[in-house]
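Participant: Here it is, the structure, as structure tokens.
The values are calculated or read from the model by the stated rules, or taken from the named source; none is laboratory data. As the structure is a computational prediction, the values presented were derived from the model and not from experiment. Note: ideal-geometry Cβ built from the backbone for every residue, glycine included; neighbour counts use all protein chains shown. For the accessible areas, the whole protein counts, side chains as well, though only heavy atoms, and no ligand, DNA or RNA atoms are used. Shrake-Rupley method; radii C 1.70, N 1.55, O 1.52, S 1.80 Å.
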Amino acid sequence: MTLSKIWLQIPLFFILFLISLTPDYLAAADGALGTVRFTAGKSPLENEPVCVELPETGFSAEQVFLIETADAKMTAIPAQIEKRKQSADLLWWIPPGTTAAGKTREFQIHPGTISPAQELTIKETDKAYQILIGDHPVLSYNYKHIEPPESLDPLYGRSAHIHPIWTPSGKIVSDEFPPDHAHQSGQFFAFTKAVFEGRPTNFWEIKSKKGRVRFKNLVSKQVGPVFAELIVTQEHVDLTGESETPALLETWGIRVWNQPAKDPAYWMYDITSDLRCATESPLKLPQYHYGGMAIRGGRGWTKENCQFLNSNGKTRENGNHDRSRWCDISGRTDTKAPWSGFTILSNPDNFRFPEPVRIHPSMPYMVFTPCPLGDWEIDPGKPHISRYRFLVHDGPALARTEGIWQHYANPPQASFQSATP
């Protein structure tokens, strides 16, 4: 039978269907690299990342996308491979729509690239690395030394902090050099009561002239369809000796997740803090009521127009030092303005989890801190690693916060099956 006769026997509707396929869908028909599946936990999963470990051999594709097995439309889903030097690579994606509690979903992996609805970018300014989703800025990490306003002591100048932090609608929920406590700039990590080489030091209260935290260097940048990541090194510098001496070296991994929703209710990003002794001397940390991962709320948030809510349902009135899985701070500039806020989710692997949360009785700031629970120290050769997820939202604290924490703390179980026998 000739080829022309074969074509005559194919139904016209099927020929039109083949012609209508986009190149991405045609690529999907060429054969998948493998299949991944995951099962949601005890609460619905929505706009949250999922990952699976890829085999260390037999998977050579650098860029891939996914197609859900049950999707008759064969909609391409962006995916991103995280390269890891000392362990197997991870494949990340954000499943579209809502995944019901306990539901299993299956996806095929295909080679190629898919552009998300909004691109992630890392823009370098003359003072900061700014991460954007589409045209919307999410956060700025300040690597240059930022001088304070002329009304403040120049000693308050600093680097190694995140500010501004924006909500999806563009509201700023952080502050820099607040007049009442100018050392509380944006989001930062520092210890207050510390002892280095037998001398009391203080990396939190910059004007004490005992210590400070500053940017050291950029390690790497990565931008893909699912996340953008910035890895930097910071120094916790002791100023009490004969010369400036870094007591700690800290690596921050800042990862912003690309929300697929057109008008998302929140931005989401993660920070991993890896603290290591910079010398052979330990850093001793006596018991104290604050010091750790902190956020200063927006300018104009007063005691009357700022509220806190933690995972145990406690507020400013009864939540100080409560050991919490997560804590939210929300504020507004006046009683007629809409709320916006910032939630810190603590990882269950963190030291002394659940950590106490310092909630200030009048100012708009909070800090996750292990320090109220007793003396401890960071020793040479023993890194102190802590992880947090952050939700930056319009409106009051998200009703889904506990469910988001559950997925963060107990990620959905995912599996990979190669297409090659």
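Participant: For the chain, what does the helix formula give at 222 nm: sum of -39500 (n - 2.57) over DSSP H segments with n ≥ 4, over the residue count, nearest 500 deg cm²/dmol? Please report the intermediate quantities before stating the final value.
Facilitator: Details: 4 runs with 32 residues, N = 421.
Rounded to the nearest 500, it is -2000 deg cm²/dmol.
Participant: Let me ask something additional. Kindly report the accessible area of region 229-367 per residue (heavy atoms of protein chains, probe 1.4 Å, no ligands, DNA or RNA), in Å².
Facilitator: Solvent-accessible surface per residue comes out at 37 Å².
Participant: Roughly how big is the chain's charge dipole about its Cα centre, with Cβ charges of +1 (Lys, Arg) and -1 (Asp, Glu), in debye to the nearest 20?
Facilitator: Numbers: 42 positive and 46 negative charges, 107 e Å.
Computed about the Cα centre, the dipole is about 520 debye.
Participant: In region 271-421, carbon and sulfur make up what percent of the accessible area (probe 1.4 Å)?
Facilitator: 49 percent
Participant: Next question, about the same structure. Within the accessible area of region 56-170, what % is carbon and sulfur when the probe is 1.4 Å and the other protein chains stay in place? Don't skip to the answer; put the middle values down first.
Facilitator: Working: 2750 of 5670 Å².
Solvent-exposed carbon and sulfur of region 56-170 make up 49 percent of the total.
Participant: Let me ask something else. Report the gain in length on full extension from residue 377 to residue 151: 0.36 nm times residue separation, minus Cα-Cα distance, nm rounded to one decimal.
Facilitator: Numbers: separation 226, 0.36 × 226 = 81.36 nm, distance 3.70 nm.
My answer for the length gained is 77.7 nm.
Participant: Still on this structure: Would you kindly state how much longer the chain becomes between residue 61 and residue 135 on full extension, computed as 0.36 nm times their sequence separation minus their alpha carbon distance, in nm to one decimal? If you can, show how the numbers build up before the last one.
Facilitator: Details: separation 74, 0.36 × 74 = 26.64 nm, distance 2.98 nm.
So the extension gain works out to 23.7 nm.
Participant: Which whole-number percent gives the relative contact order of region 146-255, counting Cα pairs below 8 Å spaced six or more residues apart?
Facilitator: Reported relative contact order: 17 percent.
Participant: Could you tell me whether region 28-85 comes out rounded, prolate or oblate from its Cα gyration tensor? Rule is a ≥ b ≥ c as square roots of the eigenvalues, rounded for a/c under 1.5, then prolate if a/b exceeds b/c, otherwise oblate.
Facilitator: It comes out oblate by the Cα gyration axes.
Participant: Quick check on packing: order 200-208, 96-104, 386-394, 281-289 by the mean number of other C-beta atoms within 10 Å, highest mean leading.
Facilitator: 386-394, 200-208, 281-289, 96-104
Participant: Pairs of alpha-carbon atoms within less than 8 angstrom and 6+ residues apart define the contacts here; what relative contact order does the chain have, in percent?
Facilitator: 15 percent
Participant: Turning to a different aspect of this structure: Take the Cα of residue 42, step 7 Å along the line toward its Cβ, and report every residue of region 67-100 whose backbone nitrogen sits under 18 Å from that point.
Facilitator: Once the point is set 7 Å along Cα→Cβ of residue 42, 100 turn out to lie under 18 Å by backbone N, inside region 67-100.
Participant: Name the aspartates and glutamates eligible as straight-distance cross-link partners of residue 193: C-alpha to C-alpha under 13 Å, and not fewer than 8 places from it in the same chain.
Facilitator: Candidates past the 8-residue exclusion: 205, 238, 375, 377.
Participant: Still on this structure, I have one more. By its C-alpha gyration tensor, with a ≥ b ≥ c as the square roots of the eigenvalues, how is region 191-308 shaped: rounded for a/c under 1.5, else prolate for a/b larger than b/c, else oblate?
Facilitator: Details: a/c = 2.87, a/b = 1.48, b/c = 1.93.
Taking the square roots of the gyration eigenvalues as a ≥ b ≥ c, region 191-308 is oblate.
Participant: Using the heavy atoms of the protein chains and a 1.4 angstrom probe, tell me the accessible area per residue for region 156-220 in square angstrom.
Facilitator: That works out to 34 Å² per residue.
Participant: For the chain, what is the Kirkwood estimate of the hydrodynamic radius, computed as the reciprocal of the mean inverse distance between distinct Cα atoms, to one decimal in Å? Write out the running numbers ahead of the final one.
Facilitator: Values: mean 1/r = 0.0429 Å⁻¹.
Hydrodynamic radius (Kirkwood, Cα only) of the chain equals 23.3 Å.
Participant: Top to bottom by accessible area (1.4 Å), largest first, where do 233, 420 land?
Facilitator: Ranked list, largest accessible area first: 420, 233.
Participant: Oh, and also: How would region 50-134 be classified by its alpha-carbon gyration tensor: rounded, prolate or oblate, with rounded meaning a/c under 1.5 and the a/b versus b/c comparison settling the rest?
Facilitator: Numbers: a/c = 1.93, a/b = 1.33, b/c = 1.45.
Here region 50-134 falls in the oblate category.
Participant: Keeping all protein chains in place, calculate the accessible area per residue for region 54-107 (probe 1.4 angstrom), answer in Å².
Facilitator: 54 Å²
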